[in-house]
Each structure stands twice: as C-alpha cells, then as structure tokens.
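Read the figures in this text as sums done on the coordinates, not as results from a lab. Everything quoted here is computed from the prediction, not taken from an experiment. Cβ: placed from backbone, ideal geometry, glycine included. Neighbour counts: every protein chain shown.
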Amino acid sequence: MSDMPTPDELFARPFFFCGIGGSGMLPLAQILKGRGCTVEGSDRSHDQGRTPDKFAALEQQGFTLHPQDGSGIVSAKQILVASAAVEDTVPDARRAKELECLRLTRAELNSILFNTSGAGLAVAGTSGK
C-alpha cells in the first residue's frame, strides 16, 4: 500500500466488492454507500441463485451487482475490495490486476474506515468479551 491515496482521494473513487454479500463485506459496502461513495460488487452466491432476498435488498439499496466474471471491473480508478482469501485467479481479481486497480483487503478497508470515522468506540468486558 505504498501508493495509498489520501482518505479524501480514496473515498472519491468507485469501489468494487468481490464477495459483496459476505457478512464481513456487506456492512463495509453499506458504510461506504452511506458516505456517498459509488459501490458495486459481485458475489458467487448471487451467481448461483442463493439467498436471492439478500441480493434483491442490496439492489433496492442502490448497489449494482455484477456476475463474478470480471465484467464489473471497468476502470483503473476502481478500488477492488476483496478478502485475503480471494485468490488472484478469481476473475474479478485477475481483471483488477490487469487494470492495475488498487486492491484493499477487508481488514485494510475496515482500518481506514475506523481511522477516518471521527468517532471512537471501545468494547470492554470480562474474560475477553
């Protein structure tokens, strides 16, 4: 991440989530959309017809969904958000690499969002809870 744009530059660019329906990815996509960012994505579960209600709700929220075949990655300006488990052989990742898109892991984006939120949150408890 040596060529990481500033937060203002980062949030001005369009985001593409590979696996947008995942429990760790979906909330991050919604946070970005709530901040006014352009957010699109793909998910193999959507391609396979699983959990159609979830993906219909995403589309109703204004998310554009693409097949997970690389066709949604159309510009080097896009930021690919993919978990560390997404291999470079996944078509979205392969296309993003061809276009030299910035790629962020879910953890990296989570950190950026936390550090730019303007608010802090602490969780405390006993026995690690």
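Here Ser45 passes the criteria (1) surrounded by fewer than 16 Cβ atoms within 10 Å (Cβ to Cβ); (2) of a type in the set (S, T, N, Q); (3) in a helix (DSSP H, G or I) except the one numbered (1). Quick one: in the stretch 2-36, which of the residues that are over 18 Å from Cys101 (Cβ atoms) and in contact with a Lys or Arg (Cβ under 9 Å, 6 or more places away or on another chain) is surrounded by the most Cβ atoms within 10 Å (Cβ to Cβ)? Ranking the candidates gives Gly21 first.
Which ones in the stretch 49-85 are in contact with a His (Cβ under 8 Å, 6 or more places away or on another chain) and part of a strand (DSSP E or B)? Scanning the stretch 49-85 gives a single hit, Leu65.
Scanning the stretch 86-100 for residues that are in a helix (DSSP H, G or I) and crowded, with 19+ Cβ neighbours inside 10 Å yields a total of 4. Using the structure shown, decide if Ser75 is out of contact with any Gly (no Cβ under 8 Å at 6 or more places or on another chain), closer than 21 Å to Met4 by Cβ and either surrounded by fewer than 16 Cβ atoms within 10 Å (Cβ to Cβ) or free of Cβ contacts under 8 Å to residues at least 40 places away in the same chain (or both). For Ser75, the condition - out of contact with any Gly (no Cβ under 8 Å at 6 or more places or on another chain), closer than 21 Å to Met4 by Cβ and either surrounded by fewer than 16 Cβ atoms within 10 Å (Cβ to Cβ) or free of Cβ contacts under 8 Å to residues at least 40 places away in the same chain (or both) - is met.
Within the stretch 37-82, the residues that satisfy the criterion of being of a type in the set (Ser, Thr, Tyr) and within 14 Å of Ala96 (Cα to Cα) are Ser42, Ser71, Ser75.
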